[in-house]
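*Asks:* My questions will all concern the structure given below.
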Amino acid sequence: MHDVVIVGAGIAGLAAARALHDAGLRVRVIEARDRIGGRIWTDDSAADGPIERGAEFIHGDSVASWEYVRLLGLTAQKAALWDGRRIYWNGTVSTAQQLESNSDIARLTTLDAQIMAYRGPDVSFATWLDAHGYEGIARHLADMRYAHASATTPERASVYAMQSEFAAQVIQGGDDYHIRNGYARIVEWFASGLSIELSRPVKSIHQDENHVTVHCADGTSYQARRAIITLPLALLQRSSVSFIPALSAAKVQAIHALDMGAGCKVILRFTQPFWDENATFMTLPDPAPVWWTVDPKRSLLVGFFTGPRAEALLAQPDARAYCLDALRRVYGNVVDATCEAYELVDWSNDPWCMGGYSSVPVGSLSARTELARSEGRVHFAGEATALDGHPASVHGALVSGQRSAAEIMVAHA
Ligand SMILES: Cc1cc2nc3c(=O)[nH]c(=O)nc-3n(C[C@H](O)[C@H](O)[C@H](O)COP(=O)(O)OP(=O)(O)OC[C@H]3O[C@@H](n4cnc5c(N)ncnc54)[C@H](O)[C@@H]3O)c2cc1C
């Protein structure tokens, strides 16, 4: 008999488990995969340093992840967002500074403030962009920065949700950082000394007045006083785990009120960089608009595809050729001549995720609060339940796990 059983060994589940274990509770984590980390999945096999197949950046100057970067003595380097920015426009790749004199592009630097100033009913980002005359390159850049990055589309994204996330970012700073040692180091620290069952998919969760029993596909089961569920939103939407008794109508409604868009990464290795030595982020035309360098001096480009762009990529008979073709149109034949390795990391068809991360469509801002609410002895954590304005992120998921742990410690006291 355990005090708490936790479903999922991603950062939310591990952060919850760490907090409860350190408080003296008997905790067991049950994970479907044969590894920990969930959507944090660092490839440590490359000689020139870690490559992130999932989460890559720390988004923000003072978000929760920093506590562990410092504790573990990790190196996090600013991913020069503006100075290293390269934008394809009018047939050429320019630096962001070169385009600052373009009034369409210059107004993007205050887009957060423009959105924060919006007062009115919740509308889609597309409606807001229409009303403010964003078109052409300015609209493309706004889509990349705000909708595509959130694994949604301007037509789906809620302006109210954007405001709540911007408010949190204002408090915690807006730069992005790469953990040079790999995100997995944080995951490993959280997991050390915990009881974690790997390769054990959970099938159903039963609760009665005194206990929760978690049943796994292999016939094993675990009983505890309470449970924390950190299943990705798309798996809750697909009812991949059954709850007995059934979840409340309000919870089911919240699960379906949120979106989880497709998400995947393409990692291309070249014999040598063909970009300039300071380039960090490239915003290119569709169909493959977002690329970045892990370090401009490493010969790697990472492509990030979400929503319909991810779906289009995944529908291709040859996704590698599709990416090289898109890059060739910008950089020329050097792309094909120097490409030596390719990896597609498809989170949308990953059975233990089935998407990139959650987002809020118009009119659904309160759904995260409902999703995060406990039902009897069953508590909910994970990025989609982040209530601090940082959903869809590592730090938001981490804090959501700690929040669930705190709920249980209060109940346990
Ligand atoms: C491509 C990509 C890039 C990203 N980039 C960034 C970034 O740069 N910065 C950032 O902050 N965030 C980023 N994110 C988001 C971030 O990775 C997630 O928000 C965060 O890792 C989610 O953690 P979690 O614990 O909520 O969920 P998960 O990490 O998904 O953990 C849930 C766990 O539950 C397990 N599970 C599922 N079903 C079962 C079952 N039936 N039984 C048992 N276990 C089960 C899963 O295997 C998984 O391990 C990115 C995500 C993706 C997909």
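*Asks:* Hey, can you tell me all the residues within the stretch 187-239 that are over 26 Å from the mean Cα position of the chain (by Cα) and among the basic types (K, R)?
*Replies:* Across the stretch 187-239, the qualifying residues are R225, R226.
*Asks:* Go over the candidates I196, I186 one by one and state the one that is of a type in the set (A, V, I, L, M, F, W, C) and closer than 19 Å to A79 by Cβ. I'd like the intermediate steps shown before the answer.
*Replies:* Details: I196 fails: closer than 19 Å to A79 by Cβ.
The unique qualifying residue is I186.
*Asks:* Helices (runs of 4 or more DSSP H) wholly in the stretch 72-181 with at least 3 residues that are within 16 Å of the ligand (Cβ to nearest atom) and of a type outside the set (F, W, Y) - which ones?
*Replies:* 159-172
*Asks:* In the set D218, D276, which member is among the acidic types (D, E), in a loop (DSSP other than H, G, I, E, B) and in the same structural domain as A9 (by TED's automatic domain parsing)?
*Replies:* Result: D218 is the single residue among D218, D276 that is among the acidic types (D, E), in a loop (DSSP other than H, G, I, E, B) and in the same structural domain as A9 (by TED's automatic domain parsing).
*Asks:* If I ask for residues that are within 15 Å of V335 (Cα to Cα) and assigned to a loop (DSSP other than H, G, I, E, B), which ones from the stretch 279-297 would you list?
*Replies:* L284, A288, T293 - these are the residues of the stretch 279-297 that are within 15 Å of V335 (Cα to Cα) and assigned to a loop (DSSP other than H, G, I, E, B).
*Asks:* Another question, then. Yes or no: S62 under 30 Å from L268 (Cα atoms) and surrounded by fewer than 22 Cβ atoms within 10 Å (Cβ to Cβ)?
*Replies:* no
*Asks:* While we're here: Which of the residues spanning the stretch 23-46 are crowded, with 22+ Cβ neighbours inside 10 Å and either touching a His at 6+ places or on another chain (Cβ under 8 Å) or at positive phi (or both)?
*Replies:* V27, G37, G38
*Asks:* Related question: Restricted to the stretch 386-413, and to residues that are under 11 Å from A64 (Cα atoms) and hydrophobic (A, V, I, L, M, F, W, C), which residue is farthest from the ligand (Cβ to nearest atom)?
*Replies:* V399
*Asks:* Testing T213 on (1) assigned to a strand (DSSP E or B); (2) in contact (Cβ under 8 Å) with a residue 12 or more places away in the chain, one condition comes back false. Which one is that?
*Replies:* So T213 meets the others, but not (2).
*Asks:* Run T75 past the list (1) surrounded by 15 or more Cβ atoms within 10 Å (Cβ to Cβ); (2) within 24 Å of the chain's Cα centre (by Cα) and report the number of the one that doesn't hold.
*Replies:* (1)
*Asks:* Kindly indicate whether L14 is farther than 30 Å from H140 by Cα, away from the ligand (no atom under 15 Å from the Cβ) and touching a Phe, Trp or Tyr at 6+ places or on another chain (Cβ under 8 Å).
*Replies:* No.
*Asks:* Looking at V212, V266 in this structure, which one is over 17 Å from A367 (Cα atoms) and touching a His at 6+ places or on another chain (Cβ under 8 Å)?
*Replies:* Working: V266 fails: touching a His at 6+ places or on another chain (Cβ under 8 Å).
Within the list V212, V266, the selection yields V212.
*Asks:* Could you list, ordered by first residue, the pairs with Cβ atoms under 8 Å in which the first is in the stretch 244-270 and away from the ligand (no atom under 15 Å from the Cβ) and of a type in the set (D, E, K, R) and the second is at pLDDT 95 or above and assigned to a strand (DSSP E or B), at least 6 apart or interchain?
*Replies:* Within 8 Å, the pairs are K251/E375; R269/L300; R269/C339; R269/E340; R269/A341; R269/Y342.
*Asks:* I would also like to ask the following. G54: near the ligand (Cβ under 10 Å from one of its atoms) and at pLDDT below 95, yes or no?
*Replies:* Numbers: near the ligand (Cβ under 10 Å from one of its atoms): yes; at pLDDT below 95: no.
Considered against the rule, which asks whether it is near the ligand (Cβ under 10 Å from one of its atoms) and at pLDDT below 95, G54 comes out as no.
*Asks:* Here is a follow-up. Of (1) more than 12 Å from the ligand (Cβ to nearest atom); (2) farther than 25 Å from I40 by Cα; (3) part of a loop (DSSP other than H, G, I, E, B), H206 satisfies all except one. Which?
*Replies:* It fails just one condition, (3).
*Asks:* Within the stretch 337-364, how many residues turn out to be within 18 Å of the chain's Cα centre (by Cα) and within 13 Å of A254 (Cα to Cα)?
*Replies:* 4
*Asks:* Follow-up question, since we're still on this one. Looking at the stretch 143-153, is at least one residue buried (at least 16 other Cβ atoms within 10 Å of the Cβ) and either of a type in the set (F, W, Y) or farther than 25 Å from I58 by Cβ (or both)?
*Replies:* Of all residues in the stretch 143-153, those buried (at least 16 other Cβ atoms within 10 Å of the Cβ) come to 143-148, 150-153.
Right, trim to either of a type in the set (F, W, Y) or farther than 25 Å from I58 by Cβ (or both) and you get 146, 153.
Checked the stretch 143-153: at least one residue is buried (at least 16 other Cβ atoms within 10 Å of the Cβ) and either of a type in the set (F, W, Y) or farther than 25 Å from I58 by Cβ (or both).
*Asks:* Also: Residues that are farther than 24 Å from A157 by Cβ: list the helices (runs of 4 or more DSSP H) wholly contained in the stretch 298-413 that include at least 2 such residues. Walk me through how you get there before you give the answer.
*Replies:* Details: elements: 307-314, 319-331, 334-338, 367-372, 394-412.
Passing ranges, in order: 319-331, 334-338, 394-412.
*Asks:* Considering only residues that are away from the ligand (no atom under 14 Å from the Cβ) and either aromatic (F, W, Y) or in contact with a Leu (Cβ under 7 Å, 6 or more places away or on another chain) (or both), which ones fall in the stretch 186-203?
*Replies:* W189, the sole residue that qualifies.
The values are calculated or read from the model by the stated rules, or taken from the named source; none is laboratory data. Just so it is clear, the structure is predicted and the values come from calculations on it, not from any experiment. Heads up, the Cβs are rebuilt from the backbone with ideal geometry, glycines too, and the neighbour counts pull from every protein chain shown.
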